Amino acid sequence: MPNKDELQQFSADHALFNSAMTTVKDQSRIGSCTANSLAGAYEYLFKKSTGSNID
């Protein structure tokens, strides 16, 4: 199992998602974390492929 430093170095070199991320959503107390994560993943893929933000 890689240690924390190895993981940070790998992710810093290979996983830069900032350019396609949308804003953070507040789910309040309704327990919609699964729905929010799916919507966020869709928004990310849409923005990454089209360059358009559907936030």
**Q.** Anchor Lys25: lysines whose Cα lies under 18 Å away (excluding residues fewer than 8 positions away in-chain)
**A.** Lys47
Q) Among Glu6, Glu43, which comes first, then next, by fewest other beta-carbon atoms within 10 Å? A) Glu6, Glu43
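Laboratory data are not the source of any read-out in this text; all were calculated from the coordinates shown. The model shown is predicted, which means the values in this text are computed figures rather than measured ones. Cβ: placed from backbone, ideal geometry, glycine included. Neighbour counts: every protein chain shown.
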